[in-house]
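Asks: The structure that follows is given in the form of structure tokens.
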Amino acid sequence: MIVSVNWLSAMLGRELDPDDAAERLAMLGAPVEAIEHVRPALDDVVIGVVEKVEKHPNADRLTLCHVDAGKGVVEVVCGAPNVREGAKYPYAAAGAVLPGGLELEARKIRGVVSNGMLCSARELELGTEHEGIMEVRTDAAPGTPLLEAMQLADTRMDLEVTPNRGDLLGHKGVARELGAAYGAPVKLAVIPDAPAEGPAPRMVKERGTVDGVEISIEDVEGCPRYMGAVIRGVKVGPSPAWLEARLRGIGQRPINNVVDATNYILFELNQPLHAFDLAKVRGNRIVVRRAHPGEQMVTLDGEKRELTPEMTMICDGEGPTAIAGVMGGGDSEVSDETNDVLLECAYFDPKRIRATRRKLKTSTEASYRFERGTDIEGMTDVLRRAVALIRAVAGGEEREAAIDVYPKPRKAQAVFLRPARVEHVLGTPVPQEEIERLLLSVGFPVAPKVGRLHVQVPGWRPDVTREVDLIEEVARLKGYDSFPVELRPLRPSVVPDDPVEPVKARVRSVLTALGLNEARSLSLSSQAGEDAVRLLNPLSVEDAHLRQDLLSGLVRSAERNWAARERDIRLFEMGTVFHAGGEGVPRESLWLAAVISGASAPPHWSSSGKSPDYDLWDVKGMFEEAARAAGADGSVVAAAAGWELRDASGEQRGRAGMLEADRPAWAAPLFGFELSVSAAEQPYVAYRGLATTPPVERDVALVVPDGVTAQAVESAMREVAGALLVDSRVFDEYSGEGVPGRSVAWRLVFRAPDRTLREEEVDEALRGVLTTLKERLGVERREA
């Protein structure tokens, strides 16, 4: 989103420092990606006041103007008919250089020396108007640079706007954020020559008429609200200089006064509008409905569009005239011959607009905003301001109040916020008064209740639906940098980590020790095939499937590094890959991949020469190290293209070798590997409740022959005693005179989960254990 610093400054009533404003916006969650200073080549043009206008003594169509440009009054010959005494105009003295490189000089025109010239908007490249001199309405004194008087020197900021913050796609939304940061109120600029504000729109349910035009909504789901105003008697032509300057300040091309007015409102209030030439609206009727199968229309860009029933259309009495929320039709656009205008202000369903835009493979300023959600509650104020602006720049009159077709009015959403919950989530206390102040600063009306706050969500923030959303607002407005950095008291979790996490940590430790850097890439790819998982709503053709491997993404990362002249590459990534599964659910598995290229060690002043490049043996060594760290079960064997990791059943679990890549001639070969990382081999922790029955303990000393291990003895015990033997521990060992082999004492614990064991049951189990030990291992009970 491109915003003008001059425009924001006018809304906030203070001069903004672009760098400081960018820093504050970044802290509020809207980072500025670029700052561009815009300065037209008008350094030699100043404000001139015409003190006196006389007829040229030798020409009927010329006038002789006495101009005060701050350094005395000079004579200027002028051919424009609109020059009048007391008015202010751009003045360029002799020696000035105008845009395009034209250098002025004093010269005789019909016998009278003209000392410079009064300039039109076209001559200054500030507009297309050239039939008259550009009048400047300003309080600036004669001789003031035009750049300063008209604020033509501007600074553009390119904001990164997240999909949930559509309110930041208008200058008012950005100004609201900065107003909260600076503690300054936000006020819309006064429209020059604006007429008195007209009546409020009339609300109707499903259809209504305004100045002879009937408007109705048949597709209420796609268009919950539609407003229309009729302005008669407009004069289409170039926009005034101030309006063109505002649009040029954000990189927009002025078109004509009516269209420029709608664009101004779009970028000011984030509400797309559309102006129809009323004479081209067939049947004086507007119907909002779904497209019929097989319908077509030609849009403003000259393209013939195929329409589908999933699209919402704006139709007149004979057929489609605009694709709702995306683009108008070429048959009803405003032209120089337009006298009457039907102004549309509507709210369209974001999902419907997104689907339509994708189907038509086109994106516009309007669709970009509608699919993120506009302010359905603020449309009345937007339409009234738009009507006033069109009447100010193009004339005309609004003979009837606008119509507001709103079949199912929405109630303002409210969310309750508990100050105690704010402290619990953020980990630091925030006074209730501060919470109220912060929320009010960005337009959230707050009403205190007992133990909580009733917060009304404004229409421009449809993303705020839960208490935690408001807590996030408090956090960002308070400033994340204001929270304490020390570790607060916490309760450690008793839930064990996912078994795969220790494996991943071990792999990271090993690979970073080998000099590799971890990378993160998108889980999307262009790979197709029967096993590929296709997205239902892909971002692009290149990202239409879920990835089936990690190496492809790392190879692309290597190619981007080469494009940036980076020769040495050491990257690895652990992530999920996807394959088609049954019942439409993809099969997911965790994999590890790495790529290396270039020098095998970084340069160092102590080394005698250049480090050798990575080769196949280096990648084999890394492959084996990674496999061991990942706990992979199998062995690395040679293969045609390098090496493979195969498990006991012969299934391939990984591979390593040289990779194909689009590498420049100066780049070293690219090597890489990938292998499966499975958590199935990690121990599974099962829940077991505490015992509720008493145990029975027996201490038994056994004479164990040499060569028989304690593990073998214990295994035999558990096999015979079964589930009744819940624990066995060695607590003593003796070897010496009178004992062949060694004497090992065990404490055996018996317990039944569902009853209290009887002595007879324990004795029987113990006899079975001793009998088996003697027969199988030659282990006998030691007599006292």
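The values are calculated or read from the model by the stated rules, or taken from the named source; none is laboratory data. This is a predicted model, so every value here is computed, not measured. Every residue, glycine as well, gets a Cβ built from its backbone with ideal geometry; the counts of neighbours run over all protein chains shown. When the accessible area is computed, the model is the full protein with side chains, heavy atoms only, and any ligands, DNA or RNA have been set aside. Shrake-Rupley method; radii C 1.70, N 1.55, O 1.52, S 1.80 Å.
Asks: Percent of accessible area on the stretch 202-405 owned by carbon and sulfur, 1.4 Å probe?
Replies: Exposed carbon and sulfur together represent 43 percent of the surface.
Asks: Going 7 Å from the Cα of Arg207 toward and past its Cβ, which residues in the stretch 398-412 have a backbone nitrogen under 18 Å from where you end up?
Replies: Only 403-408 pass the distance filter.
Asks: With each pseudo-label sitting 7 Å past Cα toward Cβ, what's the Glu131-Ala601 distance in nm, one decimal?
Replies: 8.1
Asks: Moving to a separate point now. Summing -39500 (n - 2.57) over the DSSP H runs of n ≥ 4 in the chain and dividing by its residue number, what mean residue ellipticity at 222 nm do you reach, to the nearest 500 deg cm²/dmol?
Replies: Computed mean residue ellipticity for the chain: -7500 deg cm²/dmol.
Asks: Moving on. Would you mind calculating the gained length between Val494 and Leu757 on full extension (0.36 nm times residue separation, minus the Cα-Cα distance), in nm to one decimal? Working shown, then result.
Replies: Numbers: separation 263, 0.36 × 263 = 94.68 nm, distance 3.30 nm.
Length gained, Val494 through Leu757: 91.4 nm.
Asks: Counting only the heavy atoms of the protein chains, how much of Glu85 is accessible to a 1.4 Å probe, in Å² to the nearest 10?
Replies: 100
Asks: On to the next question. Quick one: of Lys280/Lys408; Lys304/Lys359; Lys55/Lys108; Lys172/Lys351, which pairs are farther than 23 Å apart, Cα to Cα? If you can, show how the numbers build up before the last one.
Replies: Values: Lys280/Lys408 30 Å; Lys304/Lys359 14 Å; Lys55/Lys108 16 Å; Lys172/Lys351 25 Å.
Result: Lys280/Lys408; Lys172/Lys351 exceed 23 Å.
Asks: At 0.36 nm per residue, and after removing the present C-alpha to C-alpha distance, how many nm does the segment from Asp481 to Asp732 gain when stretched out fully?
Replies: On the way: separation 251, 0.36 × 251 = 90.36 nm, distance 6.09 nm.
Extra length available between Asp481 and Asp732 comes to 84.3 nm.
Asks: While we're on this one: Assuming R0 = 25 Å, can you tell me the calculated FRET efficiency for the pair Asp615 and Ala505, based on Cβ-Cβ distance, to the nearest 0.05?
Replies: Once rounded, the FRET efficiency stands at 0.30.
Asks: How far apart, in nm, are two points set 7 Å out from the Cα along the Cα-to-Cβ line at Ala355 and at Glu54?
Replies: 7.5
Asks: Using a 1.4 angstrom probe and counting only protein chains, how large is the accessible area of Trp242 in Å², to 10?
Replies: Answer for Trp242: close to 70 Å² accessible.
Asks: May I pose another question? Cβ neighbours within 10 Å, averaged per peptide: list 313-324, 371-382 in order, most packed at the top.
Replies: Going from most to least packed, we get 313-324, 371-382.
Asks: Sticking with this one: Determine, from the Cβ-Cβ distance of Glu36 and Leu690 and an R0 of 60 Å, the FRET efficiency 1/(1 + (r/R0)^6), rounded to the nearest 0.05.
Replies: Computed FRET efficiency for Glu36 and Leu690 comes out at 0.30.
Asks: Right, something else. For the full complex of protein chains and a 1.4 angstrom probe, list Glu160, Glu125, Glu660, Glu135 by accessible area with the highest value first.
Replies: Output order, biggest surface exposure first: Glu660, Glu125, Glu160, Glu135.
Asks: So between Leu522 and Thr380, what do we pick up on full extension, going 0.36 nm a residue minus the alpha carbon distance?
Replies: 46.9 nm
Asks: Ignoring ligands, DNA and RNA, how do Ser482, Ser557 rank by accessible area with a 1.4 Å probe, largest first?
Replies: Ser482, Ser557
Asks: Something else now. Calculate the dipole size of the stretch 1-54 relative to its Cα centre from +1 charges on Lys and Arg beta carbons and -1 charges on Asp and Glu beta carbons; express the result in debye to the nearest 20. Could you put the intermediate results ahead of the total?
Replies: Working: 4 positive and 11 negative charges, 47 e Å.
That gives a dipole near 220 debye.
Asks: A further question on this structure: Using the beta-carbon distance between Arg110 and Phe416 and R0 = 60 Å, what value does 1/(1 + (r/R0)^6) give for FRET efficiency, to the nearest 0.05?
Replies: So, using R0 = 60 Å, E works out to roughly 0.15.
Asks: Treating the beta-carbon of each Lys and Arg as +1 and of each Asp and Glu as -1, no other charges, what is the dipole magnitude of the chain about its Cα centre, to the nearest 20 debye?
Replies: Taking the Cα centre of the chain as origin, the dipole is about 1060 debye.
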